[in-house]
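S.K.: Take a look at the following structure, please.
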Amino acid sequence: MTQAIRHAKACKPRIYPYNGDVAPDDMDRVQSFSGGGNQPFEMLYEWGREDKMAVDFDILEATATATQLEYGTMDTYLTLANLSAVPSGGLDLDDFSNSKVDIITVGKDDYEGNLEQTLWLPKLTVDSITLNIADAEARLERSFEFSGDAIRRLRYDNKYFIYKKDTTPSGYSTSAYDITLNDPAPKEDPNYSGVYIFRVLRVRSGTTTEIDLTTDYTYDSGTNVLQVLSATTGDVYKIYYSSDSWGSAGDPTSLNDADDYFLDADSVTVTLQSGSGSEVELDLLTSLNIVATLNRIEESVIGNDEKVLKEVESKTVTVTLGGRVKDSSIEEILMGQAGNDWGITDAQLYKDDIKLRVKVYEDETKTTFKIGYKITGLFMTTTTQDEGNANEFLTKGVTLQSDNLLISDTLLDITS
């Protein structure tokens, strides 16, 4: 039965990488998703007039957030980084610096029902990545924050978001190349007369360029032919438009029943190490939170209606550890004296070379490694000791900070 309001079971997020020849991918195990924005503006007045004479709108500030259950695969991380495979040594924060993604969520009238609209958030950048283990019996969760400057809802005859990829065959050298778009055919943008194509990206020798209508390509709505005016053998063209059906390819979203549905805290090993000292497992840890933030400038340039400059100025990685009080094993590690039965720990003497490793396994037997997280160069920023009320067991918390995060599904990347 069709629902009067939309349920989460009738929606599915999907990610489209901007850079490179990287395939789109569903965002699986999503627990929450939101997309919204803020419209900066200034009302303009003049002497001799009571009411505003105009409103000057700045570039929209779009945001999105998503939370996934950790299920032990690199798929989402790689898609967000615009990569097809894990780089040698693992994925780090620099891999997200220049990546961009379009995220859509299909909105149907019911589970496996008819599509009613598509939320489209173009050219999002990754602003933060979080790994959270709320308590010792919790499921692991990943969270992401994104920013962009557009929010679009595709509806009625334009409600299907279509992505097509085409590769120029051999025999082309700066000559015209025709791409037929008839399955399905693009529908005209109701906001801009004569515009049928949202965007065309060319990937040539690994470099992605957004090419322009008229100067770089043309589109004939009568023949449904997009003609690239100067193509070279091996060019990859990624074409985005809206239509009134999915075409013969059908709905691109699907359910993932091949991977784990979730991973529990009992499948995790967390260790700390100072320099080349002993690696110590934190066996009384009750909570863990890692937040990696890419601090970006987001600036527009003259002659452009988008925020073109989105460079990363700095990176901040914050680790919060919570646990029960027994002895001061964490403090010994922070002192660089792990296992030495150190007589006095002094917070002023804590090291700044601490390594945190989070190893996630398939189950509590910890025999099959799934994914891991490593942070180096950590140092203590805050610590609380012996917290608790009368007649309660005591707890403590430690917050560490650094500027790097490595993610990999190869155990050696994490342990090295």
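S.K.: For residue 398, which of the numbered conditions (1) modelled with pLDDT under 85; (2) within 22 Å of residue 266 (Cα to Cα); (3) surrounded by 15 or more Cβ atoms within 10 Å (Cβ to Cβ) fails to hold?
M.R.: Here residue 398 meets the rest and fails (1).
S.K.: Regarding the range 187-206, can at least one residue be identified that is polar (S, T, N, Q), free of Cβ contacts under 8 Å to residues at least 24 places away in the same chain and closer than 22 Å to residue 103 by Cα?
M.R.: Yes, the range 187-206 contains a residue that is polar (S, T, N, Q), free of Cβ contacts under 8 Å to residues at least 24 places away in the same chain and closer than 22 Å to residue 103 by Cα.
S.K.: From 154, 213, 201, which residue is buried (at least 16 other Cβ atoms within 10 Å of the Cβ) and out of contact with any Asp or Glu (no Cβ under 8 Å at 6 or more places or on another chain)?
M.R.: Only one candidate qualifies: 154.
S.K.: Out of 172, 156, 163, which single residue is at pLDDT below 95 and among the aromatic types (Phe, Trp, Tyr)?
M.R.: Details: 156 fails: at pLDDT below 95; 163 fails: at pLDDT below 95.
After applying the criteria, what remains is 172.
S.K.: I would also like to ask the following. Just to be sure I understand, how many residues within the range 337-355 are outside any helix (DSSP H, G or I), more than 14 Å from residue 271 (Cα to Cα) and of a type in the set (Gly, Ala, Ser)?
M.R.: Total meeting the criteria: 1.
S.K.: Which condition breaks for residue 209 when tested against (1) in contact (Cβ under 8 Å) with a residue 40 or more places away in the chain; (2) within 27 Å of residue 92 (Cβ to Cβ); (3) not in a loop (DSSP other than H, G, I, E, B)?
M.R.: (1)
S.K.: So if I check each of 48, 72, which one is crowded, with 16+ Cβ neighbours inside 10 Å and farther than 26 Å from residue 164 by Cα?
M.R.: 72
S.K.: Related question: Tell me which residues, restricted to the range 77-107, are in contact (Cβ under 8 Å) with a residue 60 or more places away in the chain, farther than 12 Å from residue 126 by Cα and not charged (D, E, K, R).
M.R.: 83, 84, 86, 89, 90, 91, 104, 105, 106, 107
S.K.: Whether any residue in the range 159-171 is of a type in the set (Val, Ile, Thr), farther than 30 Å from residue 261 by Cβ, more than 26 Å from the chain's Cα centre (by Cα) and buried (at least 16 other Cβ atoms within 10 Å of the Cβ) is what I want to check.
M.R.: Yes.
The values are calculated or read from the model by the stated rules, or taken from the named source; none is laboratory data. If you're wondering where the values come from, they're calculated on a predicted model, not measured in any experiment. With ideal geometry, Cβ positions are generated from the backbone for all residues, glycine too; neighbour counts draw on all protein chains shown.
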